[in-house]
1. Does C:K93 qualify as being free of Cβ contacts under 8 Å to residues at least 12 places away in the same chain and either assigned to a helix (DSSP H, G or I) or crowded, with 18+ Cβ neighbours inside 10 Å (or both)?
2. For the range C:21-38, check the following and say yes or no: at least one residue is under 29 Å from B:T131 (Cα atoms), assigned by TED's automatic domain parsing to the domain that holds C:R115 and touching an Asp or Glu at 6+ places or on another chain (Cβ under 6 Å).
3. Evaluate the following for A:G228: is it modelled with pLDDT under 90, crowded, with 22+ Cβ neighbours inside 10 Å and small (G, A, S)?
4. For residues in the range C:339-361 being out of contact with any strand residue (DSSP E or B) (no Cβ under 8 Å at 6 or more places or on another chain) and outside any helix (DSSP H, G or I), which is farthest from the other protein chains (Cβ to nearest Cβ)?
5. Among the residues of the range A:231-245, write down those that are free of Cβ contacts under 8 Å to residues at least 60 places away in the same chain and either under 12 Å from A:Q188 (Cβ atoms) or more than 18 Å from the chain's Cα centre (by Cα) (or both).
6. Which condition from (1) closer than 12 Å to A:G298 by Cβ; (2) assigned to a helix (DSSP H, G or I) is the one that A:I234 breaks?
7. Does B:H76 satisfy the condition of being under 16 Å from the mean Cα position of the chain (by Cα) and more than 8 Å from chain C (Cβ to nearest Cβ)?
8. Which residue, of C:T108, C:T64, is away from every other protein chain (no Cβ under 14 Å), surrounded by fewer than 21 Cβ atoms within 10 Å (Cβ to Cβ) and not charged (D, E, K, R)?
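The values are calculated or read from the model by the stated rules, or taken from the named source; none is laboratory data. Small disclaimer: the values here were computed from a predicted structure and weren't measured. Don't worry about glycine lacking a Cβ; one is built from the backbone with ideal geometry, like all the others, and counts go over all protein chains shown.
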Amino acid sequence: MLTSFGIINYLSAQSGPWWKVFYDFTSLTKNIDASLHNTMSPFWTTVTELVIVGVLFILFYAVIGLFLVYAERKVCAFIQNRLGPNRIGPYGIFQTVADLIKLLFKELIPIKNADHFLFNLAPYIVIIVNFMVLAAIPYALGVHAIDLNIGIFYVIAVSSMSVIGVLLAGWSSNSKYSLLGAMRSGAQIVSYELSVGLALATVVVLAGSMQLSVIVEGQRTGWFIFKGHIPAVIAFVIYIIAGTAETNRGPFDLAEAESELTAGYHTEYSGIKFAFFYLAEFINMFIVASIAATIFFGGWMPLHFGANNGFNRIMDFIPPVIWFFGKTFFLIWIIMLFKWTFPRLRIDQLLTLEWKYLLPINIVNLLVMAFIVLMGWHF
Amino acid sequence: MDKIQLAEFIKSLDSDLEVKEGKQYTEVIVPPSKIHSLASQLIVKEETLFDFLACITGVDYGHDLGVIYHLRSTKHQHMLVIKSRTTDRENPQFDSVADIWETANLQEREAFDLLGIKFVNHPDLRRLFLTSSWGFPLRKDYVDNDNITS
Amino acid sequence: MEEKVKDTGTEEKQDYIINIGPQHPSTHGVMRLVVSLQGETVKYVEPHLGYIHRGIEKMCESLTYPQIIHLTDRMDYLSAHINNEVFCLAVEKALEIDIPDRVKVIRTLMSELTRIQSHELFWASYGMDLGGQTCFFYGLRDREMVLDIFEETTGGRMLVSYNCPGGVMYDLHPNFQKRVKEFLTHFRKVLPEYDEILTNNVIFHERTVGIGPLLREEAISYGITGPSGRASGFSCDVRKHEPYSAYDRVKFNEVLYTEGDAFHRYLARVEEMRESMNIIDQLIDNIPEGPYAVKMKPVIRLPEGEYYQRVETPRGELGVFIISDGNKTPYRVHFRTPNFANLSVLNHLVKGFKIADLISIFGSLDYVIPDIDR
């Protein structure tokens, strides 16, 4: 109620048309903050703001999760020359809601001799890690929950913690198959962390800062993938491959698709706990895509070439929110295409790819980028 | 080699064997204990070179139990049929040729499973399709009033 | 099936036994594989059979010859027409009747169409086993065209029962030629797409090249026929060595490779699809006129004796051995099925490879389990 108070305040004080808010959310957030301060003590203001942001993020997580599951099924169907869900709701958009309700009703099967505390903790760790990363991403001008000055470093560090959730799930299930699957997943995630980190470091060298808002601002005259030409393109390709591998997706899903033989780390989970792991996988994919969109393609920054020309002003016409989500969903679409086109890699081929091919290329690329930045041979 | 030359050659290997002209292929009738020695010769001799065992068929002739081997040579493209019979229905024993042709391993197990024919020196003679307490269905005196109606 | 009682080796404690159970998406039927692992490497694989054993050979002893044709369908259901053909050819050889030309050409055309659809299903399921799930839908989409052609003429899509001793049951549908030509044009356009998706794919090469190599001598000794054997250099095509039906008047190549690994077994099948299309091309325009069946006696009795006939199915050499004692039902029928012989080599090929390669090798040998169990 207080928030709506703030919004009404803001809207009534607005000098331009109402939809200007979509181009710059800072005025809206400042207004809400001010109205809250006026009514409550600073402590309670902070608490209220934290609660509001938390609820918004939970809603965002849920909505994006639902949308991505539906999108995956539709994309998969269209590649395979069929229709996909089209019964529940127009064009099947409520299919995921129906699946969610079904999963909520499923029996949560307790495991004998399993470590119950860790068993129940594992899905929550994965979700909490996801939230922590989602909070650091700039979605639009003014919509940025945590703007740390070590933004990228924080993202890489926190997303590494999801390995703990995976290993805990496999270990606490008290089943040799789950443990094997968890070990494999764990090894895969940890290996590809290196490539992800180095690819992002390459762009940090170009941008000169780890702070995500500075990186986005730095792309006002052109996206880094164009500014950094060759090393940036190589870094992008490596990042996409490593990011797909990190989320256990696409051609790198032997650990869980080998549910033919040794089922993945989440075999013993049923009902809503399985839904958490499943959802976390999709949000991980969203995170990988959104970080790539932010770092390489400018985040919410529209496509600009140079500064202050007519082309830029035309591009500015589209709100930054649309730019951000457009880029992210385009990259998500590409990652989904990988999964449905290629056969799977064997686990040793997967690890060979990382350690013998991606890592050396990455290191050399980083040196090349550093050299280019030093010589000023970038746009 | 055509059928007649083949028949003569096999007769020359061992004059005790009964070789005759079947409608399609040359047939050799062997006592059960001589199968292995004949087979090991047939696979190495240049004139015959029977390196492909097409199938092993177990037959219940009513009083006897028998085994029929269809052999072929990939080089000469001629075919031979080896037949063997025994009147011992309780414990029929034939030589196993699993060490000569690897495919005989599974084929002999099938004959054992469905007809109860035992093969001496088989590396792993167990039942294949049925459980160990089942009878031998392909025998003519197999009775199963629950599942088979006359 | 009886369990193995004795030991497998000295390191029992490190033996890690897993079950690839009867219901499984990759085993193409109901078969249980008991795999003994050491770490990631397979030590031995033991197939447990019998889940779909229906006693076809026993049933044949109480059915008349035309009735047995319907049983042969159900052995290897992907090559149903060819299974029917082998039995009809054996009966016709025993009765020494001459088959009209039209029947021979019809049988050959249907056999080649069967071969194409069986190899297409192999392509579809092999891709899916290895993780490229889209391949399944693409392969089945094109296979539908062949099944529609079958349905128009014979009434059945997969289990056709079109052959009968003396000829075929009904004449070809008037649309047959047109539909087959449409299918050929469509499929020729689509086959390069298949190559792009799987054959030239780097990940697919990693999963199949050098996996499960089979030498020619081993193929002969284990009795591996069909594309699996031909990929190892074993020239075993019955259509070339002992031509039946109309195969003596068509020109086609026998697809032979020497490497014998999973990739070449796969490649042999894809090439065979092309060869089948060539055969159909040569015959589709010149189907001779004439009767579509020879008048047979109402009750067929084979003269006493033993008859062996073999044909080339998409999986290998299928042989039928009939012992007749002059009655209207045979005395003993034995089917030498290609999959049964091909199964014996699985343990030998998988030893020493990783468990993910087991799926790759198993898929490349292209089993149809009801053929093994009969």
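1. Values: free of Cβ contacts under 8 Å to residues at least 12 places away in the same chain: no; either assigned to a helix (DSSP H, G or I) or crowded, with 18+ Cβ neighbours inside 10 Å (or both): yes.
So C:K93 does not fit the description; no.
2. Scanning the range C:21-38 turns up no residue that is under 29 Å from B:T131 (Cα atoms), assigned by TED's automatic domain parsing to the domain that holds C:R115 and touching an Asp or Glu at 6+ places or on another chain (Cβ under 6 Å).
3. Working: modelled with pLDDT under 90: yes; crowded, with 22+ Cβ neighbours inside 10 Å: yes; small (G, A, S): yes.
Yes, satisfied.
4. C:V345
5. Within the range A:231-245, the first condition is being free of Cβ contacts under 8 Å to residues at least 60 places away in the same chain, and the residues that meet it are A:233, A:237, A:239.
Within the range A:231-245, just A:V233 meets the criteria.
6. (1)
7. Details: under 16 Å from the mean Cα position of the chain (by Cα): no; more than 8 Å from chain C (Cβ to nearest Cβ): yes.
Considered against the rule, which asks whether it is under 16 Å from the mean Cα position of the chain (by Cα) and more than 8 Å from chain C (Cβ to nearest Cβ), B:H76 comes out as no.
8. On the way: C:T108 fails: surrounded by fewer than 21 Cβ atoms within 10 Å (Cβ to Cβ).
Sole residue among the options that is away from every other protein chain (no Cβ under 14 Å), surrounded by fewer than 21 Cβ atoms within 10 Å (Cβ to Cβ) and not charged (D, E, K, R): C:T64.
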